[in-house]
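Have a look at the structure below, then the notes.
Bear in mind these aren't lab numbers, they're just calculated from the coordinates by the rules spelled out. Note that the coordinates shown come from a computational prediction; the quantities given were computed from them, not determined experimentally. For neighbour counting, all protein chains shown are included, and Cβ atoms are generated from backbone atoms with ideal geometry for every residue, glycine included.
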Amino acid sequence: MRKLSSPALRQDKDFVASLQKGLDVLTCFGRGAVKLTLSEVARRTGSSPASARRSLHTLLALDYLESDGKRFWVAPRALLVAHAYLASRPIPQLAQPLLDALSERTRQSASLGKLLDDDVIIVARSTARRSLSTGLGIGSRLPAYCSALGRVVLASLSPSDAAQRVRAMRRVPLTPKCLHEADDVIAEVERCRARGWSANNEELELGVRSIAVPVHDRTGAFVGGLSISVRAERMPMGEFRDSLLPVLQKASLRLGEQVYE
């Protein structure tokens, strides 16, 4: 069967728009949006109140949402959607023990991410005992333009595709150190492409540094980005890079040898 791109699939006659709207509603909840009203759901999904109401009613009837009559929130049944991915795809299963070992060895938090729209979504993660304040977990999203993981993933695209994505995405300065102008971000992506790794020095969150490397499977195909993060006060950027980049690169090679997606 010919594999279609996402835009092409959305134009296909078999595309079910109502299912898309329902999934948009289900995934609009998150940190800072734990319980939402109908109007808030409509605003976050860009849908009409009538459309949002139908989706909410359906998800409530199927036990994917709960409600007090005014606000809605995600029910435990929604975990079945995430579990289906985690249980059926090899890379999260293969990455988790490796991330656990990496985190235990370095005493830092490690993540594996893949591109999702203009973000990177965390598909596997191990948090060090000295956890970071970002509160990331599996399913968390990071903006691609200003995260080390994001720049590694963008560097896996062709230069023209990466530049086009960067210029099209919404970019705001999350900290005073955040690179957000298109030309600056594109230059960082190209730097990552040339040297094979990316760094983030308090751009995403003040006090947090991270480095990331690509993971390639045995055929050389890109499968995701692997990152490690540290509190800024624990380690200067130069020491962080020199001591932990080789460890991260070794972990990336090991994971890539096991991936068979």
In what sequence, highest mean first, do 69-80, 17-28 appear when ranked by Cβ atoms within 10 angstrom? 17-28, 69-80
So what J values fall out for the stretch 161-169 if you push phi through Karplus, 6.51 cos²θ - 1.76 cosθ + 1.60 with θ = phi - 60°, rounded to Hz, Gly and Pro as x? 5, 4, 5, 5, 4, 4, 5, 7, 7
Chain lengthening between residue 232 and residue 27 when straightened (0.36 nm per residue, less Cα-Cα): 70.6 nm
Order of 242, 14 under a 10 Å beta carbon neighbour criterion, fewest first: 14, 242
Cα atoms only, the stretch 67-154: Rg and Dmax in Å? 14.9, 48
Under the rule of at least 5 residues apart or a separate chain, name every residue whose amide H is placed under 5 Å from the amide H of residue 208. 202, 232
Using a 7 Å offset from the Cα along the Cα-to-Cβ direction at both residue 195 and residue 67, what is the distance between the two label points in nm, to one decimal? 5.2
Using a 10 Å cut-off around each Cβ, can you sort 102, 60 from fewest to most neighbouring Cβ atoms? 60, 102
Whole number please: convex hull volume per residue, Cα atoms of the stretch 171-261, in Å³. 106
Just to be sure I understand: if I project the alpha-carbon convex hull of the stretch 6-78 onto a plane and average over all orientations, what area do I get in nm²? 5.4
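Gain in length, residue 242 to residue 168, computed as 0.36 nm per residue apart minus the alpha-carbon separation, to one decimal in nm?
Stretched out fully, the residue 242 to residue 168 stretch lengthens by 23.2 nm.
For the chain, calculate the relative contact order in percent as a whole number, restricting contacts to Cα pairs under 8 Å that are 6 or more residues apart.
Here the relative contact order equals 14 percent.
If the only charges are +1 at each Lys and Arg Cβ and -1 at each Asp and Glu Cβ, what is the size of the charge dipole of the chain around the Cα centre, to the nearest 20 debye?
Numbers: 38 positive and 27 negative charges, 72 e Å.
The calculation lands at about 340 debye.
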Residue 43 to residue 19: FRET efficiency via 1/(1 + (r/R0)^6), r the Cβ-Cβ distance, R0 25 Å, to the nearest 0.05? 0.75
Taking a temperature of 37 °C and a viscosity of 0.692 mPa s, what whole-number D in µm²/s does Stokes-Einstein yield for the chain with Rh from Kirkwood over alpha carbon pairs? 166
